[in-house]
Amino acid sequence: MDKKKITLSVALAVYNEEQNIRRCLSSVSGFADEIVIVDGGSTDRTLDIAREYKVRIIQTDNPRMFHTNKQKSLEACRGVWILQLDADEVITENLKSEIISVIGGRSGRFDAFFIPRKNYFAGHWLRKGGQYPDFVIRLLKSGKAHFPQKSVHEQIAVNGEVGYLTNPILHYSYRSIDEYWRKSDTYTSFTAQQLKDSHIPVNLQTFFSFNVLNPLGIFLSIFIRHKGFMDGYYGYLFALFSALHYPIAYRKYVERIKS
């Protein structure tokens, strides 16, 4: 298919997302000119559900740095514009209208756009704590951006100017406390490996930094500086759970170098 005939592509990299993929694909089906899915070897019903929609599936392995597959999804898109999504995200009707306006010729000097996200945590939409508006670069011109593939929470790197959209993506990031800790296990394991790769010494100084200073700084930033307290009990839980990332990662790191 001629690339010039495709105005908007949606790029997804997935792995075992049967709980989320239908909601995501339903929100962009009929809106995008093509949907590209890079699957990292899902063993659940992710691909069966995806095939119910008009999608192009690329099957590959599941690398430790998941952004490798996100980059593959960008490179496989043939549209002039690319909307990069995660499987647990949903595009609203208002955001669709705004995107159509942008790709219809109102992008001006911008080669990419930040889009705000509303983040879902254990049955609640978080309004503060840095969780809304949680700006992420997701709409970009083909060939103008890439994933650096260095950090699990990195932004897309853009070769050009970046603007802002106003309507949010709905991000069903943590539907329950259990789901939070399942995902956290992956993130802390990745951080532990980064510590190992960087040969961080295990001593009193690093113990204090990773178990006291870092978690305290994270908690105060989310709960106080970014007003997470305005989300009440769930704002407190989110700040507390986030603060535990580095102590857990440090413990995993120590276990790895001792094994």
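Just to be sure before I move on: is Arg127 closer than 22 Å to Thr92 by Cβ and touching a strand residue (DSSP E or B) at 6+ places or on another chain (Cβ under 8 Å) in the structure I sent?
Numbers: closer than 22 Å to Thr92 by Cβ: yes; touching a strand residue (DSSP E or B) at 6+ places or on another chain (Cβ under 8 Å): no.
Spelling it out, it is not the case that Arg127 is closer than 22 Å to Thr92 by Cβ and touching a strand residue (DSSP E or B) at 6+ places or on another chain (Cβ under 8 Å).
Considering segment 33-72 alone, what residues qualify as being among the hydrophobic types (A, V, I, L, M, F, W, C), in a loop (DSSP other than H, G, I, E, B) and either surrounded by fewer than 19 Cβ atoms within 10 Å (Cβ to Cβ) or in contact (Cβ under 8 Å) with a residue 40 or more places away in the chain (or both)?
Filtering segment 33-72 down to residues among the hydrophobic types (A, V, I, L, M, F, W, C) leaves 35-38, 47, 49-50, 55, 57-58, 65-66.
Those left that are additionally in a loop (DSSP other than H, G, I, E, B): 55, 65-66.
Met65, Phe66 - these are the residues of segment 33-72 that are among the hydrophobic types (A, V, I, L, M, F, W, C), in a loop (DSSP other than H, G, I, E, B) and either surrounded by fewer than 19 Cβ atoms within 10 Å (Cβ to Cβ) or in contact (Cβ under 8 Å) with a residue 40 or more places away in the chain (or both).
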Looking at (1) more than 21 Å from Glu154 (Cα to Cα); (2) touching an Asp or Glu at 6+ places or on another chain (Cβ under 8 Å), which one does Cys77 not meet, given that it meets all the others?
(1)
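Residues are listed down the side, and each one gets a yes or a no for (1) under 30 Å from Lys96 (Cα atoms); (2) in contact with a strand residue (DSSP E or B) (Cβ under 6 Å, 6 or more places away or on another chain); (3) of a type in the set (A, V, I, L, M, F, W, C):
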| residue | (1), (2), (3) |
| --- | --- |
| Ser173 | yes, yes, no |
| Tyr180 | yes, yes, no |
| Lys196 | no, no, no |
| Gly217 | no, no, no |
| Leu220 | no, no, yes |
| Ala239 | no, no, yes |
| Pro247 | no, no, no |
For segment 90-194, which fully contained strands (runs of 3 or more DSSP E) count at least 1 residues that are more than 18 Å from Asn20 (Cβ to Cβ)?
110-115, 136-141, 161-164
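Considering each of Gly217, Gly235, Gly160 in turn, give the residue that is over 21 Å from the mean Cα position of the chain (by Cα) and closer than 30 Å to Phe113 by Cβ.
Details: Gly217 fails: closer than 30 Å to Phe113 by Cβ; Gly235 fails: over 21 Å from the mean Cα position of the chain (by Cα).
Going through Gly217, Gly235, Gly160 in turn, the sole match is Gly160.
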Applying the selection to segment 129-141, what residues are touching a helix residue (DSSP H, G or I) at 6+ places or on another chain (Cβ under 8 Å) and either of a type in the set (Ser, Thr, Tyr) or over 14 Å from Leu85 (Cα atoms) (or both)?
Gly129, Gly130, Gln131
Inspect segment 214-225 for any residue being under 28 Å from Leu85 (Cβ atoms), assigned to a helix (DSSP H, G or I), modelled with pLDDT of 95 or more and charged (D, E, K, R) and give the result as yes or no.
no
It is to be established whether one or more residues within segment 16-25 are in contact (Cβ under 8 Å) with a residue 40 or more places away in the chain, assigned to a helix (DSSP H, G or I), surrounded by fewer than 21 Cβ atoms within 10 Å (Cβ to Cβ) and under 19 Å from the mean Cα position of the chain (by Cα).
yes
Is it the case that some residue within segment 229-248 is farther than 27 Å from Trp125 by Cβ, surrounded by 14 or more Cβ atoms within 10 Å (Cβ to Cβ) and not basic (Lys, Arg)?
yes
Subset of segment 151-189 (residues that are of a type in the set (Phe, Trp, Tyr) and exposed (fewer than 15 other Cβ atoms within 10 Å of the Cβ)):
Tyr164, Trp181, Tyr187
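Results for (1) under 17 Å from Leu139 (Cα atoms); (2) assigned by TED's automatic domain parsing to the domain that holds Ile137; (3) modelled with pLDDT under 95, shown as yes or no for each residue.
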| site | (1), (2), (3) |
| --- | --- |
| Glu34 | yes, yes, no |
| Thr43 | no, yes, no |
| Ile57 | no, yes, no |
| His67 | yes, yes, yes |
| Arg78 | yes, yes, no |
| Phe113 | yes, yes, no |
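The values are calculated or read from the model by the stated rules, or taken from the named source; none is laboratory data. These figures come from a predicted structure and were not determined experimentally. Reconstructed Cβ throughout: ideal geometry from the backbone, glycine too, with neighbour counts over all protein chains shown.
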